[in-house]
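Worksheet: the structure to be examined is printed underneath.
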Amino acid sequence: MAKKKSASQVAVWVILALLIVGLAGFGATNFGGSVNSIGTVGDREITVNRYARELQQEMNRLSQQFGTNIGFPQAQMFGIDQAVLSRIFATAALENEAEEIGISVGDNRVRDQLTSMPGLQGLDGEFDREGYRFALQQAGMSEGEFEDGLRSDMSRGILQNAATAAAGIPESYINTLLNYGGETRDITWTSLTPEDLAEPIADPTEEELQAYWEEHQDAFMLPETRDVTYAWVTPAMIAGTIEGDDEALRRLYEDHADEYIQPERRLVERLNFTSADAAQEALDAIEAGEKTFEDVVAERGLTLADIDLGDMTEADLGPAGEAVFALTGPGLAGPVANDLGAAIYRMNGVLEAQETPFEEAREQLLVEYRTDAARRAIADMIDSTDDLLAGGATLEELADETDMEIGQIDWTDGSSEGIAAYPEFREAAAETNVGDFPEILQTSDGGIFALRVNAVNEARVEPFEDARDKVEAEWRRAETVTALAEQAASLAADMGEGTLPTGQDTAPEVAADGDTAEETAEAPADDDSTATTEEATAEDTDAATPEEETAEAPEPAAPVMNTETRLARDGFVPDTPDDFVDTVFAMAPDEVKVIEGNEGVFVVRVDAVTPPDLDDPNIAQIADQLRTQLTGAVGDDILSSFASAVQTEAGTTINQSALNAVHAQMQ
């Protein structure tokens, strides 16, 4: 009998582990004494225990999600305490309103709800009274307190359902979204580039360029430019002058042994569960082929990125190391108990142990040694160079007396070469004024610099004489696009009438011998009348006149017409402007438009507009998802507004000292 009772108690401990976390993530701590409330909403008091429990539950949830312990300081930094406080006050407002208008549930419903809770059922599936009392004892709650809370939750649920019952989305709205998102276009389009110009752009006159410069001065603005003189030195600049010896390098090798001697590692993912039973159940389902590992991860609201541990040594994995490293290939291990419950591990690959001998690492170690020594040498220079500047030395004199080098830069906000690659220099150059005293500043790589701003040239229009080449290039580009747009107008008109450019819709019929049918038909039947190739060529050459040669010059090739079918609103057409697809979806069927690009133009015709098939099962599934999401969002908005209104009407108070007491105990 004793053995049976003992086994039952062990089972209760396992079954109730999750319940204890759910009921009282904060544990058995009780904030009793004179401080028992953090505030009120109307007549509804919010106990410190309730706030502490819900705050700890949220911290536990985040800890499990991120696979690391989230303490109160981190939770406070993320605003978790404020979010929990806001949620509790909104919930209390609804509870107060339900009580005010007389919404309640009877004892029978509370009993039914209580006895059907999975965490309170024994191994036989029946309500476990002993386990229930044990869980409440661990949570620091009485039966009355828990059952009152359960009754309040159920009453609040009735009020919430009533408030959100009107939430619904008209089918016309769903269909509008589906039609907008699922509509496709069939288009025909072509492009005209500078090579397609019927006539080349004539060279501009100086007057035309001057006029273009005056009309488009925003395109020829020079940014604010600072004339900066600087003196600087970096570890890389002096590292080559520093010698190393094997003894120092061997010490460095030993200090960094973990980089050069790496034990075997495994690529590991860890999925946490609140209990060993839950972890074992998931593992059994995976091994039975009922679910995949990815399915279980998704069911827990996580992604593979959330549970990825990267490459781990056996020591890194702690208690799970032995189980994971016992795997000889990719597979699952566990469950392994941890502070949050238990976890199963998936091993995805083996990284063999690696060792780099000192001889092979020597060159890398020498670079590191020299760089570190250079940093230390530069750090030792700071005080002496500061003294030189304080004594009135110029930057030029500083460069003469130290290892620093002098330089000059016309610095703008976009400069990023040389010393301007350092953010510390960019910040100093932007903030220093003409006449400011130079000071020694440090860079992130251990270097130092000092600067002097000689002059500041404000943002201005680049003089025409200096910008002439840019002005001409921009003028030619604009004139080319304008000419191509005019050229495209007739092409657009033809496309609007359903006519493609000449040569696009038919090709000459080819005879069996390779000649065109036209050439074959014109060939003379009488052999005597046939001239030799040489004679014919000579006659043609003699007979050709300059006018005929001009008339027979080949015409520009017709633009190549492209088609896109079932083009979606989020689609992409290569080699077109960024707004090409947006423009297409703003067009009506059979409409033709000329779209100007940066270097050419595009002519596009909408051939067909195809709405989505609302009877398609895939579209119907999307409609169901939209309906559910939008209804839920509207319901949440209604409930949030309702809770805010009843909270304002009921009035709230906050006991900051009680909040501080809870926070202090959770530190």
*Answer residue from the stretch 43-101, given it is in contact with a strand residue (DSSP E or B) (Cβ under 7 Å, 6 or more places away or on another chain) and under 23 Å from Leu271 (Cβ atoms) and is surrounded by the most Cβ atoms within 10 Å (Cβ to Cβ) among those*: Gln64
_Breaking point among (1) within 30 Å of Arg569 (Cβ to Cβ); (2) outside any helix (DSSP H, G or I), for Met141_ = (1)
_If Ala279 meets every condition in (1) surrounded by fewer than 18 Cβ atoms within 10 Å (Cβ to Cβ); (2) more than 30 Å from Gly435 (Cα to Cα) apart from one, which number is that one?_
(1)
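Restricting attention to the stretch 151-193, report how many residues are closer than 30 Å to Glu486 by Cβ and not in a strand (DSSP E or B). Reasoning before the result, please.
Residues of the stretch 151-193 closer than 30 Å to Glu486 by Cβ: 185-193.
Keeping just the survivors that are not in a strand (DSSP E or B) gives 193.
Result for the stretch 151-193: 1.
Run down Thr328, Thr313, Thr274 and say which single residue is over 29 Å from the mean Cα position of the chain (by Cα), within 26 Å of Glu352 (Cα to Cα), surrounded by 12 or more Cβ atoms within 10 Å (Cβ to Cβ) and among the β-branched types (Val, Ile, Thr). Steps first, answer last, please.
Working: Thr328 fails: surrounded by 12 or more Cβ atoms within 10 Å (Cβ to Cβ); Thr274 fails: within 26 Å of Glu352 (Cα to Cα).
Only one candidate qualifies: Thr313.
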*Out of all the residues in the stretch 140-151, is one or more more than 24 Å from Asp112 (Cβ to Cβ) and touching a helix residue (DSSP H, G or I) at 6+ places or on another chain (Cβ under 8 Å)?*
yes
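For the stretch 372-379, check the following and say yes or no: at least one residue is over 28 Å from Ala285 (Cβ atoms), surrounded by 15 or more Cβ atoms within 10 Å (Cβ to Cβ), touching a strand residue (DSSP E or B) at 6+ places or on another chain (Cβ under 7 Å) and not charged (D, E, K, R).
So in the stretch 372-379, the residues over 28 Å from Ala285 (Cβ atoms) come out as 372-379.
Then drop every residue that is not surrounded by 15 or more Cβ atoms within 10 Å (Cβ to Cβ), which leaves 372-375, 377-378.
Still in the list and also touching a strand residue (DSSP E or B) at 6+ places or on another chain (Cβ under 7 Å): 378.
In the following step, the residues that additionally are not charged (D, E, K, R) were identified as 378.
Taking every residue of the stretch 372-379 in turn, at least one turns out to be over 28 Å from Ala285 (Cβ atoms), surrounded by 15 or more Cβ atoms within 10 Å (Cβ to Cβ), touching a strand residue (DSSP E or B) at 6+ places or on another chain (Cβ under 7 Å) and not charged (D, E, K, R).
Conditions (1) basic (Lys, Arg); (2) assigned by TED's automatic domain parsing to the domain that holds Asp403; (3) modelled with pLDDT of 85 or more; (4) within 30 Å of Gln57 (Cβ to Cβ), marked per residue:
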position	(1), (2), (3), (4)
Leu317	no, no, yes, yes
Leu327	no, no, yes, no
Ala337	no, no, yes, yes
Ala373	no, yes, no, no
Arg376	yes, yes, yes, no
Ile382	no, yes, yes, no
Leu389	no, yes, yes, no
*asked:* Condition check: modelled with pLDDT of 80 or more and within 25 Å of Leu136 (Cβ to Cβ). Does Leu62 satisfy that?
replied: no
*Across the stretch 282-302, what is the total count of residues that are surrounded by fewer than 16 Cβ atoms within 10 Å (Cβ to Cβ) and under 20 Å from the mean Cα position of the chain (by Cα)?*
2
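Please state which one of Ala320, Ala305 is over 30 Å from Ile382 (Cα atoms) and crowded, with 19+ Cβ neighbours inside 10 Å.
Numbers: Ala305 fails: crowded, with 19+ Cβ neighbours inside 10 Å.
None of the other options fit; the residue is Ala320.
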*asked:* So if I check each of Thr394, Thr412, Thr432, Thr385, which one is over 19 Å from Asn454 (Cα atoms), hydroxyl-bearing (Ser, Thr, Tyr) and surrounded by 12 or more Cβ atoms within 10 Å (Cβ to Cβ)?
replied: Thr385
_Subset of the stretch 187-206 (residues that are closer than 29 Å to Gly498 by Cα, surrounded by 15 or more Cβ atoms within 10 Å (Cβ to Cβ) and not polar (S, T, N, Q))_ = Ile187, Trp189, Leu192, Pro194, Asp196, Leu197
*Looking only at the stretch 593-649, count how many residues are part of a loop (DSSP other than H, G, I, E, B) and over 29 Å from Ala165 (Cα atoms).*
8
_Given the condition part of a loop (DSSP other than H, G, I, E, B) and within 24 Å of the chain's Cα centre (by Cα), answer yes or no: does some residue in the stretch 575-591 qualify?_
yes
_Restricting to the stretch 618-650, count the residues that are surrounded by 12 or more Cβ atoms within 10 Å (Cβ to Cβ) and more than 14 Å from Ala90 (Cβ to Cβ)._
12
_Residue check for Leu209: touching a Pro at 6+ places or on another chain (Cβ under 6 Å) and either closer than 30 Å to Arg87 by Cβ or buried (at least 17 other Cβ atoms within 10 Å of the Cβ) (or both)_ = no
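Somewhere in the stretch 124-133, is a residue in a helix (DSSP H, G or I) and within 40 Å of the chain's Cα centre (by Cα)? I'd like the intermediate steps shown before the answer.
First, pick out the residues of the stretch 124-133 that are in a helix (DSSP H, G or I): 129-133.
Still in the list and also within 40 Å of the chain's Cα centre (by Cα): none.
So far as the stretch 124-133 goes, no, none of its residues is in a helix (DSSP H, G or I) and within 40 Å of the chain's Cα centre (by Cα).
From Ile201, Ile286, grab the single residue that is out of contact with any Leu (no Cβ under 7 Å at 6 or more places or on another chain) and hydrophobic (A, V, I, L, M, F, W, C).
Working: Ile286 fails: out of contact with any Leu (no Cβ under 7 Å at 6 or more places or on another chain).
Just a single option satisfies the conditions, and that option is Ile201.
The values are calculated or read from the model by the stated rules, or taken from the named source; none is laboratory data. Note that the structure is predicted; figures quoted are calculated from it, not measured. Every residue, glycine among them, receives a Cβ derived from its backbone with ideal geometry; neighbour counts consider all protein chains shown.
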